Each structure stands twice: as structure tokens, then as C-alpha cells.
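The block underneath contains the structure these notes are about, expressed in C-alpha cells.
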Amino acid sequence: GEDVEQSLFLSVREGDSSVINCTYTDSSSTYLYWYKQEPGAGLQLLTYIFSNMDMKQDQRLTVLLNKKDKHLSLRIADTQTGDSAIYFCAETPGGNMLTFGGGTRLMVKP
Amino acid sequence: GAVVSQHPSWVICKSGTSVKIECRSLDFQATTMFWYRQFPKQSLMLMATSNEGSKATYEQGVEKDKFLINHASLTLSTLTVTSAHPEDSSFYICSARGWGYGYTFGSGTRLTVV
């Protein structure tokens, strides 16, 4: 299995907040990333956080990083139907390549 | 922002033929290109990493003679699936990284081998 772990599925109602969790393994990762993938498409970078930060907010997105527990989360406020997609967290062990989690499928119900 | 163009978006080929997938960085120089493979409802698996002008470094279990990667220029990398078979059917995604630019992904290529 992947070294980076995510829950498989999350379902929320439109307008609610979504929280997607990720557990990573490499404490030396300088950056941690969140990507969004819509059906049949490539990956879109949503946001990233530097490893010496605890939190980063970017409009509706809030990233929380707990380095002690190697836990990363992505909160999407006021979730919309257009947010339905697969969300991948990724770490950068060794600083060069990305290692992805298994992805969390977010379904937003009207 | 950085843009990576990947072509074709989808391709259907006969078993035994070869298919070439192109990945171009449009507005930056890609010193490193990454090729991933993604099976349905699964995550991205790194196949190989290539630096411009150097031979690609393949991940364990990836056949370098079957998946030929060329990164001859700072804006173009190609992946050729040689003698394709139905089990090679998958979604292939490239990613490029350059000085001052993070990881930018192409839109992916869906390969179906019949």
C-alpha cells in the first residue's frame, strides 16, 4: 500500500465544510501538497504548505499540519458541487519526487 | 502560471503496436520530468524520472525497454509504450519541474490497447 494514507471517500452536503485527512511518513518533506483531480483529467495543484508552518489559509481552503503526528488536513469551506473530485495529498521524500496518497473521493450532494 | 501540455488526450491502438505520448512545458524550462501511471480508482504510481539530456531513472518493476522515455530538450519529454498489450491500458500523466517552478501536471493520456 501507499506510504501516504487517506480515507477513500467523503460525502458532504452543499454549503457544508469538508475536511480531508492525510497521514504521511517522511518528516523530511519540505513541502506537502494537496491536488485535485476531476474525472479524466490531470492533477490541479490546490495548495501547499511549507513544513515549518502549522496552518495556511487560501480563500475557502485551509491546510493544517501537525508535524508531530505527521498529519495533514484540507478543509474546504462552503463546499460546492464543483468541488466534487478526487483529492490527493503528496509529500516529497528526498526533496525531488512526489509521493501521493491513495486519494479521497469527495462527493458533494445538492 | 506554468502550463504543461500533454498529447494525445486519448489513444486507442492495436495490440503489438507502439504509442508515443508527448509532454511539453509551454512557458518554462523543465529540468525534470516525471511520468506516472494511474489505474482506475487508484493513485498515481511513479514510473520514471528524467532529467534533460540524461537517461531516465525507472522505478522498480517498470520495464525500461517497454516504456521508453526521452527528454532531449528542456521543453519536451516523450513516453513511448512499445509493443503495447491490453494490460498496458491505463491513464498516463506527466509532470514537469523547473527552476522556480513547482510540479506542474499535464492533462493526462488515456491509452486503450485492443
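Please average, across the residues of A:88-98, the number of beta carbons from any other chain that are within 10 Å of each residue's own beta carbon, and give a whole number.
Mean inter-chain Cβ contacts per residue within 10 Å come to 3.
Report the trypsin sites (Lys or Arg not before Pro) located in the range B:1-74 that are in a DSSP loop and have at most 12 other Cβ atoms inside 10 Å of their Cβ, or state none.
Loop-located and lightly packed - B:LYS14, B:LYS41, B:LYS55.
Please report, for the Cα atoms of chain A, the Rg to one decimal and the Dmax as a whole number; what are they, in angstrom?
13.2, 42
Here is the link list: A:LYS56/B:LYS66; A:LYS109/B:LYS20; A:LYS67/B:LYS64; A:LYS36/A:LYS70; B:LYS41/B:LYS66; A:LYS36/B:LYS66. Which ones come out longer than 32 Å on Cα distance?
Pairs exceeding 32 Å: A:LYS56/B:LYS66; A:LYS109/B:LYS20; A:LYS67/B:LYS64.
Count neighbours as other Cβ atoms within 10 Å of each site's Cβ, and list the GluC sites (Glu not before Pro) in the range B:29-114 that are DSSP loop with at most 12 such neighbours. Write out the running numbers ahead of the final one.
Details: sites: B:GLU52, B:GLU59, B:GLU63, B:GLU87; in loops: B:GLU52, B:GLU59, B:GLU63.
Here the sparse-neighbourhood loop sites are B:GLU63.
So which trypsin sites (Lys or Arg not before Pro) in the range A:11-110 pass both tests, a DSSP loop state and at most 13 other Cβ atoms within 10 Å of the Cβ?
Details: sites: A:ARG13, A:LYS36, A:LYS56, A:ARG60, A:LYS67, A:LYS68, A:LYS70, A:ARG75, A:ARG105; in loops: A:ARG60, A:LYS67, A:LYS68, A:LYS70.
Hits after loop and neighbour filter: A:LYS68.
Across 5 Å bins from 0, what is the distribution of all Cα-Cα pair distances for the range B:5-114, in whole percents?
2, 14, 24, 26, 20, 9, 4, 1, 0
Could you check which residue among A:GLN59, A:GLN44, A:GLN80 shows the biggest mean-square fluctuation in a GNM of chain A with a 10 Å Cα cutoff?
Per the Cα network of chain A with a 10 Å cutoff, A:GLN59 tops the list.
Just so you know, all these numbers are worked out from the coordinates, no wet-lab data involved. Quantities reported herein were computed from a predicted structural model and do not represent experimental measurements. Note that we place each Cβ from the backbone using ideal geometry, even for glycine, and neighbour counts take in every protein chain shown.
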